[in-house]
Amino acid sequence: MNRDRETQRTLEVNDAPGTASLVDQLDRVVLLVLFDGRTIVGILRSYDQYGSVFLDQCVERKTHNTFYCDVAVGFLMVRAENIVLIGELKEPTPSNMARIGLGALKEMQAAEQVTTTRATEFDSGFWD
Amino acid sequence: MFLSVFKTLIGKVISVELKNDMVVVGTISSVDQFLNFKLTNISVDDELYPYLADVSDMFIRGSMVRFISMKKDYVDPVFLQDAARREILDVN
């Protein structure tokens with residue numbers, strides 16, 4: 001009984017900001033995936049109850065397969081409705097991708113035929 | 001009500017499909033009243049999203065979630081049914 005009450009209190013404290021505790025990510029490097037598919041990397045400075053964020057030293061991370069190019073975009077406020085997810089990064093640069101220039105990246109993107117959107121399917125055996 | 005269901009799932013592995021067709025599998029570490037999730041130990045398709053390879057903890061906005069799939073024994077369907085009925089009785 002006592003333990004239950006303690007668990008309950010812990011849950012309430014963790015939920016206090018309204019947004020599933022982004023407080024752990026404050027002043028850390030985060031990667032935002034936006035609804036239009038763009039990815040933004042920056043330092044999380046602030047957030048509100050809807051999940052809008054202020055990001056410092058932002059770059060837009062343009063990617064093509066395992067190549068990326070960071071374009072500096074400065075200090076950004078991103079409105080909550082555009083944010084799909086916020087991932088925490090340990091390093092601002094990806095370990096598994098090669099950095100190239102913006103021109104080279106755009107050439108690569110232009111060279112590859114744009115494929116149509118992938119329809120996802122339920123995998124019925126997933127949990128087996 | 002769904003919030004309390006997901007609170008009981010904290011520490012369990014779920015699979016979340018987002019409205020941009022991305023599928024994320026991870027362990028729930030917290031959830032709030034908007035059904036925003038924080039997942040740890042996440043895994044995604046590395047070929048489709050190579051830029052997420054270094055991400056292990058993530059925050060997913062509730063409004064961007066399409067489905068959440070979980071193991072059948074994580075929730076008790078009979079209990080859920082009863083809870084839904086109780087909720088209606090409480091409202092009236």
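Tabulated results
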{"item": "Hits in segment B:31-48 (condition: over 24 Å from B:Gln81 (Cα atoms) and either crowded, with 16+ Cβ neighbours inside 10 Å or touching a strand residue (DSSP E or B) at 6+ places or on another chain (Cβ under 6 Å) (or both))", "result": "B:Lys38, B:Leu39, B:Thr40, B:Asn41, B:Ile42, B:Ser43, B:Val44"}
{"item": "Selection from segment A:21-33 of residues that are out of contact with any Leu (no Cβ under 8 Å at 6 or more places or on another chain) and within 9 Å of chain B (Cβ to nearest Cβ)", "result": "A:Ser21, A:Asp24"}
{"item": "Subset of segment A:82-102 [more than 7 Å from chain B (Cβ to nearest Cβ) and either assigned to a loop (DSSP other than H, G, I, E, B) or not aliphatic (A, V, I, L, M) (or both)]", "result": "A:Asn82, A:Pro92, A:Thr93, A:Arg99, A:Ile100, A:Gly101"}
{"item": "Of the criteria (1) surrounded by 14 or more Cβ atoms within 10 Å (Cβ to Cβ); (2) under 20 Å from B:Ile42 (Cβ atoms), which one A:Cys58 fails", "result": "(2)"}
{"item": "Only one of B:Phe79, B:Phe6 that is among the aromatic types (Phe, Trp, Tyr) and without any contact (Cβ under 8 Å) to a residue 12 or more places away in the chain", "result": "B:Phe79"}
{"item": "Listing of strands (runs of 3 or more DSSP E) fully contained in chain B that carry 1 or more residues being more than 9 Å from every other protein chain (Cβ to nearest Cβ)", "result": "B:13-18, B:23-31, B:37-43, B:65-69"}
{"item": "Among the candidates B:Val23, B:Val13, residue that is more than 18 Å from A:Ala20 (Cβ to Cβ) and either surrounded by fewer than 19 Cβ atoms within 10 Å (Cβ to Cβ) or not aromatic (Phe, Trp, Tyr) (or both)", "result": "B:Val23"}
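Each row is one residue, and each column tells you yes or no for (1) modelled with pLDDT of 90 or more; (2) touching a Pro at 6+ places or on another chain (Cβ under 8 Å); (3) closer than 22 Å to A:Val53 by Cα.
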position	(1), (2), (3)
B:Phe2	no, no, no
B:Ser29	yes, no, yes
B:Leu39	yes, no, yes
B:Asp54	yes, yes, yes
B:Val65	yes, no, yes
B:Ala83	no, no, no
B:Glu87	no, no, no
B:Asp90	no, no, no
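The values are calculated or read from the model by the stated rules, or taken from the named source; none is laboratory data. Predicted model only: the values in this text are computed from it and were never measured. All Cβ positions, even for glycine, are placed from backbone atoms using ideal geometry, and neighbour counts span all protein chains on display.
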